[in-house]
Structures are given as C-alpha cells and as structure tokens.
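The values are calculated or read from the model by the stated rules, or taken from the named source; none is laboratory data. Predicted model, so just to flag it, every value in this text is computed and none were measured. Quick reminder, even Gly has a Cβ in these numbers, built from the backbone with ideal geometry, and neighbours come from all protein chains shown.
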Ligand code: MIC
Ligand code: SF4
C-alpha cells in the first residue's frame, strides 16, 4: 500500500503498538538534543536512572537559552552541563555556538532519522526530512537511556504546495498562512507533511522555518521530503554522506489536505498576543514601530541574515527604532563577518546580539511600555517579551528589516524604494566544529560539577485514594506554559525547583503559589481549572514539576496540549477534561472539590468530580494511555524508573 513519508519513518522506528491513527505507539529515538533551560533537569533525571552512558546514536547538549549570566546561576548550570555531558557520553555545544535547532540542522540533522528534543521547536529538523519531536526533559532522558518515546499515532495532514514564492514573500509568510488556516488549537496528535511541486522551490532553511513554527499549531511535528535541495544543503555542510532520498509514495492516503499556491501569498504578520492572530502586513502599513529584533530559531539562517544585511546596506535605521540582530549560530556569524554582511548591519545602526535565544524568551531587549516590537521569532504570548503591555508582532526578516529603516510597518510588496536583495544559499558553508566538545573515550574519572544552583529532581508520592482540596486557580483559554512558568528574568531558577515554584502563574495571579502552600500545610490538595488548549507553547516540564511541588494533583480543563499533557503524567498530575463544555462554568475559583477512589476511576475514561461548594457532580474524562495511567498511580515516571533499577 502507498505510504506517506511520516508512516515510512515511523514504521522503521516502531517499537510498540500499531500505526493506526489514534493508537498509542512507542518509537525508537536515534538522536536527542537538550538545551540548557530544560537540560539541567533532563540530565539530573538521567543521572537518577543510574546509567553510565547514553544509549542512543547521538545526544547533544546545547547552551543557548540562559546565556545572560546575571549572578552565578547560569554559569553554574553551564559547568554542570559540560561535566555531565563529558561523563555520560554527550556532545556539548558551548555557549556562543548558537541556537540548538539552527546548529543541529547545520551539523547533525539526518534525513530519515528520529530526533527527540527537550524544546518545543525541535520540529525544525523536519526541514531536513527527519521526524523531530519536542518533549519534556524526562522523556528525552528516557530516550537517552535507550527507551522508546510514547506518542499517539498521528493523523497525517498533507499540505500541498504549488508554484513559487514572489520576491519579498518568504517562508515565514508560508507558515503564518498555515497558522491562519489551522489556528493554535485543535491540532493535537497531527503531523503536517509537505508535498507538491512547490517543495522543490524551497531550500532547507526555508523548509525549517516552516517546520519550526508548526509547533505553534500544536502539531506533533512537520515534515518535508529529502530531495536534491536536501542533498545540496548537506553537501554545503560537508555532510553529503548523510543524505538519503525520501518522499511519500505516489497515491499515499492522507487524513486531510490543505493546498497553498505559493505564488499568491503575501507578507503576513501575527499580531499580539498569539501566533495565530494573523493579518496582512499591508493592513498595518504606517503603524509606528519602536523595536525590531531579527533572529531566533525561526529565522536566523545565513540566507535570512544575508538578506537583512543587503536590505540595510548603505542606509541608517529610523531614529526611533532600536534594531537588534542575533545570528542563529556561530557558523552564520562567522560567514557574515567574512563576507562583509556584518559590517553592513553595524553601519546601519544595528545592535549585534549574541547567537542565542536572548530576546525570543524575554531574556533581554524587553520593549518599553506598550512598545510595538516587530520580531522574526515564533511566539508573541502576552508578557513573554518581559513587558506585559508590550505589543509583539511576528514577521519575516524582510518585513522586519524594512520597518527598521522606515520606522513604520512597511508592506514589502509596496513601492518602498529598497532593491530586492539577492538570495544566497551557499554551496559551501564555513565549517568550524571547535566549539563542540566531544566526550572522551575514557570517562571513568570525570567529576560532575554541581554548584549551589543545582538541586535534585523533586520527589512525588504515590496517588492517594482521595483527592480533596480547592480549585486554587481558575483560568481561561489558551493558557501557555509562559503563563504557568515564566521564563525571562526567572529563567535562572530552572535548576532549583523550590525557588522557581514561587513564580508559578506569576503574571496571572501572583499569590497562587502562596495559596498552594497554605492548602498543602492544611493537608489539602490543589486543583487547576482551565479553559481550552491549556499548556500551549513550550515543552518546559517545569510547568508540571513546579505545580507538582506545590501539591497540585489534577488539571481540569476544556482541553490540554500534547507536550504538556505528557509532562503532567510524567510528574503524576492527573490531566482531566470536561465531558460537557458548559460544566466549565460550574466551578469557581476557591470551590471545594473532591474526587473519590481516583485510582479506580482512572481505570476507565469517566471520572466523577464533586463540587462540594455548589453541591453538584461533574463528569470529567481522563484520556490517557496505559503507560500514563501507571505513571499517575506511581506518582510519576521517575518513581517507576527508580523502581526498576
Ligand atoms: C520557548 O521557546 O518557549 C523555549 C524557551 O524554547 C521552550 C523551552 C523552555 O522553556 O526551556 C520551548 O519551546 O520548549
Ligand atoms: Fe530559543 Fe526562542 Fe527558539 Fe525557544 S523559540 S528555542 S527561546 S529561539
């Protein structure tokens, strides 16, 4: 039978279950990646499993998120990560080497392989023909230990591309168009597979931009075939031997189809405060801009940066705009410095930023009060920039560079007088792997460095018979992991759960953690009540670990996003959804809630919740796999793994 490319790669990695849409399956993971903000917990958990060495084909540890180093915490984390990588057989990518997804694509990504990363934008690797999935750190630790990754066999949606993009319209506009169509919720357990004649007109970095932001739709991953363009990219990276040709069979059956004629697309923008809030750039033309930031794992390839340099060439940025540029990797930065592009950027007035996540995660460059900030990154959730009233718009590098010059939203297709830059996809990248530290062959005497910022993974107890406590918080729709566990200034507490837990829901309800602790002290449990698409965005398992630490036993929502649901189960928090949507109205914050015989109830799908305050019963669903059920009963995956060793 004719197969989709997704089916082919999944079938060759299948370890558990059958490949039927909706079935739980386990797949073998070839490669793993971690970044520092999720990495410390990942390696602490890997250490807790008691293995001497990673068991998968390739494990890489990147340092790209926490590179600001205000105080000792970030540096302590880096030292721990470097030493644990050497001790356990992991390749270490030093700070300054670049953003994990960009660097992984350049130096390690291989068509046909599986990649699991402790970061939600791991699907960037789909641009090179790999099944690349974002997950919580504990799932990645299990994959490093050689265990399978569990997921739901996905629905495969074909996105058929026709034709060619016009000048000034780019890959970012393609994915913003996809986001406009699919939205940011309701796409759980789907894979976007790109096909059609238009694919051949997109280079690997463009394909990766598209796959990167598929994460914002909530899909498991996105995937392009591996073809002549993939070979050209790998050759230019000096890795032609890593290439294999891969595509779907003629006549393969997909679960759904969305067609895009690339030649008709126009420049788009995601408006505040959601990547799914799409408008055309032309509809905002003339709107004043105070800040432009170009970079992040979405748009920081050499071709993107070179385009920007050529648009800026010989001109000076608007006097009321601050322009920051963060090339995605040291490779890209080196090339820009060698071909004169960096000089063009500096001459125009750009502030050159470190090759790291930086502004994208609110680590620096927060806009002013109500400041309009145009960014080439992938998320514009409220407050993520570090300024709650900041107005962040997501655009292509072309749209960003033009706005930096004019000081206002400028439609790239309008008559703005800037010549269209020549697009260059190099046939030879500058390859310099000296900032990777490869693990030594003899690892017997390596000491792991642990500064005071490195804690232990927190423990949980087995599931109790009775859950009894309060709806400690009630929130609305589309609560992101940035709402639950703020990054930015709080990032440095990632390795210290008691300290980080004080900031759970900080921007939504700053006294949440105090209330949780008060309830815990009185022997009561905490419940989180939420609307649709709870836990969107990042893969940060801290959005489960810290609530677990605060005694949260269940999340009751209209719907819960995939990675977050896995993280909740991994840490023993029960994910529940309302059987009837209108019941969301039947719980108010502070209501007293009760679930009896919970272990027994989650053996089936239906769970009855008693709202003691309102004297009523509410039916909930617990849609979990058997593996997840055992985790919940044992108080989390770590307890199961420890029990086995
Ligand atoms: C993000 O873009 O939100 C992050 C920061 O990269 C996260 C990971 C994290 O929170 O450490 C992600 O996307 O998974
Ligand atoms: Fe880093 Fe931003 Fe990409 Fe997350 S989305 S990996 S913070 S650049």
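Miscellaneous remarks
This table checks each residue for (1) touching a residue at least 40 places away in the same chain (Cβ under 8 Å); (2) within 16 Å of ligand 1 (Cβ to nearest atom).
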| position | (1), (2) |
| --- | --- |
| 441 | no, no |
| 446 | yes, no |
| 453 | yes, yes |
| 458 | yes, no |
| 479 | yes, yes |
| 492 | yes, yes |
| 532 | yes, no |
| 539 | yes, yes |
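- Test: residue in the stretch 220-230 that is surrounded by fewer than 19 Cβ atoms within 10 Å (Cβ to Cβ) and part of a helix (DSSP H, G or I): yes
- Filter pass, residue 188 being modelled with pLDDT under 95, more than 23 Å from residue 103 (Cα to Cα) and out of contact with any strand residue (DSSP E or B) (no Cβ under 6 Å at 6 or more places or on another chain): yes
- Note on the stretch 466-481: among residues that are within 23 Å of the chain's Cα centre (by Cα) and surrounded by fewer than 23 Cβ atoms within 10 Å (Cβ to Cβ), the one that is modelled with the lowest pLDDT is 478.
- Checklist (1) more than 12 Å from ligand 2 (Cβ to nearest atom); (2) crowded, with 21+ Cβ neighbours inside 10 Å; (3) closer than 21 Å to residue 120 by Cβ applied to residue 382, failing item: (2)
- The set of residues from the stretch 79-100 being assigned to a loop (DSSP other than H, G, I, E, B) and either away from ligand 2 (no atom under 16 Å from the Cβ) or touching a helix residue (DSSP H, G or I) at 6+ places or on another chain (Cβ under 8 Å) (or both) comprises 89, 90, 94, 95, 96, 97.
- Selection within the stretch 362-378: residues that are touching a helix residue (DSSP H, G or I) at 6+ places or on another chain (Cβ under 7 Å) and part of a loop (DSSP other than H, G, I, E, B). The member of this set that is farthest from residue 407 (Cα to Cα) is 363.
- Taking the criterion of being within 16 Å of ligand 2 (Cβ to nearest atom) and not in a loop (DSSP other than H, G, I, E, B), the residues of the stretch 346-361 that qualify are 358, 359, 360, 361.
- Residues of the stretch 344-376 satisfying the condition of being touching a strand residue (DSSP E or B) at 6+ places or on another chain (Cβ under 7 Å) and within 19 Å of residue 62 (Cα to Cα): 353, 355, 359
- Residue 19 meets the stated requirement of being away from ligand 1 (no atom under 16 Å from the Cβ), touching a strand residue (DSSP E or B) at 6+ places or on another chain (Cβ under 7 Å) and over 27 Å from residue 353 (Cα atoms).
- Residues considered: 473, 517, 497. Of these, the only one that is away from ligand 1 (no atom under 16 Å from the Cβ) and in contact with a helix residue (DSSP H, G or I) (Cβ under 8 Å, 6 or more places away or on another chain) is 473.
- Yes/no for residue 304 being more than 16 Å from ligand 2 (Cβ to nearest atom) and farther than 19 Å from residue 366 by Cβ: no
- Within the stretch 319-363, the set of residues being more than 16 Å from ligand 1 (Cβ to nearest atom) and either at positive phi or at pLDDT below 95 (or both) comprises 340, 349.
- Of all residues in the stretch 183-205 being assigned to a helix (DSSP H, G or I) and without any contact (Cβ under 8 Å) to a residue 40 or more places away in the chain, the one that is nearest to residue 429 (Cα to Cα): 200
- Of everything in the stretch 364-379 that is within 16 Å of ligand 1 (Cβ to nearest atom) and surrounded by fewer than 24 Cβ atoms within 10 Å (Cβ to Cβ), the residue that is farthest from residue 278 (Cα to Cα) is 364.
- Residue, nearest to residue 206 (Cα to Cα), within the stretch 91-117, restricted to residues that are under 16 Å from the mean Cα position of the chain (by Cα) and either surrounded by fewer than 24 Cβ atoms within 10 Å (Cβ to Cβ) or within 11 Å of ligand 1 (Cβ to nearest atom) (or both): 101
- Which numbered condition residue 173 fails, given (1) closer than 21 Å to residue 253 by Cα; (2) touching a residue at least 40 places away in the same chain (Cβ under 8 Å); (3) touching a strand residue (DSSP E or B) at 6+ places or on another chain (Cβ under 7 Å): (1)
- Residue within the stretch 332-345 that is surrounded by fewer than 19 Cβ atoms within 10 Å (Cβ to Cβ), in a helix (DSSP H, G or I) and free of Cβ contacts under 8 Å to residues at least 24 places away in the same chain present: yes
- Every pair of residues 6+ apart whose Cβ atoms lie under 8 Å, when the first sits in the stretch 252-275 and is on the phi > 0 side of the Ramachandran plot and free of Cβ contacts under 8 Å to residues at least 12 places away in the same chain while the second is surrounded by 15 or more Cβ atoms within 10 Å (Cβ to Cβ) and part of a strand (DSSP E or B): none
- Residues within the stretch 62-90 that are within 16 Å of ligand 1 (Cβ to nearest atom) and either without any contact (Cβ under 8 Å) to a residue 24 or more places away in the chain or under 21 Å from residue 239 (Cα atoms) (or both), tallied: 1
- Set side by side, the residues 60, 103, 140, 156 differ, and just one is part of a strand (DSSP E or B), within 16 Å of ligand 2 (Cβ to nearest atom) and either at pLDDT 95 or above or more than 28 Å from residue 181 (Cα to Cα) (or both), which is 60.
- Applying the set (1) closer than 22 Å to residue 409 by Cα; (2) over 26 Å from the mean Cα position of the chain (by Cα) to residue 308 leaves exactly one unmet item: (2).
- Exactly one residue among 120, 53 is touching a residue at least 24 places away in the same chain (Cβ under 8 Å), surrounded by fewer than 22 Cβ atoms within 10 Å (Cβ to Cβ) and either within 16 Å of ligand 2 (Cβ to nearest atom) or over 22 Å from the mean Cα position of the chain (by Cα) (or both), and that residue is 53.
- All positions within the stretch 429-465 that are crowded, with 16+ Cβ neighbours inside 10 Å and under 30 Å from residue 603 (Cα atoms): 457, 458, 460, 463
- The single condition from (1) closer than 26 Å to residue 124 by Cβ; (2) surrounded by fewer than 24 Cβ atoms within 10 Å (Cβ to Cβ); (3) more than 16 Å from ligand 2 (Cβ to nearest atom) that residue 281 fails is (2).
- Checked against the criterion of being touching a strand residue (DSSP E or B) at 6+ places or on another chain (Cβ under 9 Å) and more than 16 Å from ligand 2 (Cβ to nearest atom), the candidates 411, 432, 415 yield just one match: 411.
- Per-region count, the stretch 533-569, residues modelled with pLDDT of 95 or more, within 18 Å of the chain's Cα centre (by Cα) and more than 23 Å from residue 506 (Cβ to Cβ): 1
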